[in-house]
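**Q** Below is the structure I would like to discuss, written out as structure tokens.
The values are calculated or read from the model by the stated rules, or taken from the named source; none is laboratory data. Predicted model, so just to flag it, every value in this text is computed and none were measured. Glycine also receives a Cβ, built like all others from the backbone with ideal geometry; neighbour counts cover every protein chain displayed.
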Amino acid sequence: MTTADETVGASAVVPSREQELANTFVMLADSLVEDYDIVDLLDRLAAACVRLLDVAAAGLLLNDQQGHLAVVASSSEETRLLEIFQLQNDQGPCLDCVRTGAPVVSGDLDADRGRWPLFASFALEAGFRSVAALPLRLRDQTIGGLNLFGGRAGPVSPENQRLAQALADVATIGILQQRSAQRTTMLAEHLQRALNSRVVIEQAKGVLAERNGMSMEAAFDALRLYSRDHNIKLTDLAVTVVHQNFNPAFRPGRPSAT
């Protein structure tokens, strides 16, 4: 039988959904400072969406302000590939969401094959049955989209969709936060740096996966854990992995694969 003390102790260890949500908003608010790692921020947002919103996976696309969308964050490798598939085939709910600046929802991708024939088939093969795409938008400016994927048929609940939009809105404010008079130019440069960072992080994931005989997701987990444990920007760590043969997946007590 579980005692009252054990129940209290367990609740102290495992954060409630409300505590987790509050922590996520605080994390996003930290982006309002002048110097922050946008790629790490959005990866953490994608992971938080999965924990908080009863979805199987999440991903984010950003516009580089020159008309090009790119994947900057995903909660899994399958999600990243699905987002890339959308971009390559110019078809999918997140693209429609970014173009219109409005949410795009499908509670049953099998029934919605006519809306996005290629995307729906690829998503279903990956194990996803539903999707909600929400804009990263501030007033009339849309800079990207947040995709929420479900493993079963049925729309994201109205409450969770509102929470997801609130998270997306705070992230958007952080991205758009600028302290320069040349705001448009600075924004384009800021987003371009984020997209460039994503490229080197993907390279580092591949290097670690091959070097240590691990999956891409495990490689990214090793990068993210080392980055946070040592207070190093994820992008800076990725550059070190790629160009200096550093192996953050190595832990004392087991031999490095290098």
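**Q** Select, from 148, 167, the only residue that is among the hydrophobic types (A, V, I, L, M, F, W, C) and over 17 Å from residue 25 (Cα atoms).
**A** 148
Per-residue answers, yes or no, for (1) out of contact with any Asp or Glu (no Cβ under 9 Å at 6 or more places or on another chain); (2) within 27 Å of residue 195 (Cβ to Cβ):
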position: 85; (1), (2): yes, yes
position: 89; (1), (2): yes, yes
position: 95; (1), (2): yes, yes
position: 102; (1), (2): no, yes
position: 111; (1), (2): yes, no
position: 117; (1), (2): yes, no
position: 129; (1), (2): no, no
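**Q** Could you give me the residue pairs with C-beta distances under 7 Å whose first residue belongs to the range 140-158 and is within 17 Å of residue 125 (Cβ to Cβ), whose second residue is charged (D, E, K, R) and in a loop (DSSP other than H, G, I, E, B) wherever it lies, and which are 6+ apart or on separate chains?
**A** Taking only residues 6 or more apart or on different chains, the pairs are 150/129; 151/129; 152/129; 153/108; 153/129.
**Q** Being assigned to a helix (DSSP H, G or I), at pLDDT 85 or above and within 21 Å of residue 94 (Cβ to Cβ): is that true of residue 235 here?
**A** Here the answer is no, as residue 235 does not meet what is asked.
Every residue, every condition in (1) surrounded by 10 or more Cβ atoms within 10 Å (Cβ to Cβ); (2) touching an Asp or Glu at 6+ places or on another chain (Cβ under 6 Å); (3) modelled with pLDDT under 80, yes or no:
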{"position": "10", "(1), (2), (3)": "yes, no, yes"}
{"position": "23", "(1), (2), (3)": "yes, no, no"}
{"position": "33", "(1), (2), (3)": "no, no, yes"}
{"position": "38", "(1), (2), (3)": "yes, no, yes"}
{"position": "44", "(1), (2), (3)": "yes, no, no"}
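**Q** Moving to a separate point now. For the structure I just gave you, tell me whether residue 29 is in the same structural domain as residue 164 (by TED's automatic domain parsing), surrounded by fewer than 19 Cβ atoms within 10 Å (Cβ to Cβ) and within 19 Å of residue 234 (Cα to Cα).
**A** In short, yes.
**Q** Here is a follow-up. Looking at 237, 223, can you tell me which residue is within 22 Å of residue 193 (Cα to Cα) and touching a Phe, Trp or Tyr at 6+ places or on another chain (Cβ under 9 Å)?
**A** 237
**Q** Assigned by TED's automatic domain parsing to the domain that holds residue 28, under 15 Å from residue 62 (Cα atoms), at pLDDT 95 or above and of a type in the set (Gly, Ala, Ser): which single residue out of 133, 123 fits that description?
**A** Answer to the check: 133.
**Q** Condition first: without any contact (Cβ under 8 Å) to a residue 40 or more places away in the chain and either basic (Lys, Arg) or at positive phi (or both). Now tell me which residues in the range 58-88 satisfy that.
**A** The answer is 67, 80.
**Q** Let me ask you something else. So, restricting to strands (runs of 3 or more DSSP E) that lie completely within the range 32-108, which ones have at least 2 residues that are under 16 Å from the mean Cα position of the chain (by Cα) and among the polar types (S, T, N, Q)?
**A** Filter on the range 32-108 gives an empty set.
**Q** Sticking with this one: Taking the stated definitions as given, is residue 69 at pLDDT below 90, more than 27 Å from residue 100 (Cβ to Cβ) and of a type outside the set (Ser, Thr, Tyr)?
**A** Answer is no for this residue.
**Q** Of the conditions (1) over 20 Å from residue 161 (Cα atoms); (2) in a helix (DSSP H, G or I); (3) of a type in the set (A, V, I, L, M); (4) at pLDDT 90 or above, residue 111 clears all except one; give me its number.
**A** In the conditions (1) over 20 Å from residue 161 (Cα atoms); (2) in a helix (DSSP H, G or I); (3) of a type in the set (A, V, I, L, M); (4) at pLDDT 90 or above, residue 111 misses (2) alone.
**Q** Is it the case that the range 85-103 has a residue that's at pLDDT 95 or above, loosely packed, with under 14 Cβ neighbours inside 10 Å and touching a helix residue (DSSP H, G or I) at 6+ places or on another chain (Cβ under 8 Å)?
**A** Checked the range 85-103: no residue is at pLDDT 95 or above, loosely packed, with under 14 Cβ neighbours inside 10 Å and touching a helix residue (DSSP H, G or I) at 6+ places or on another chain (Cβ under 8 Å).
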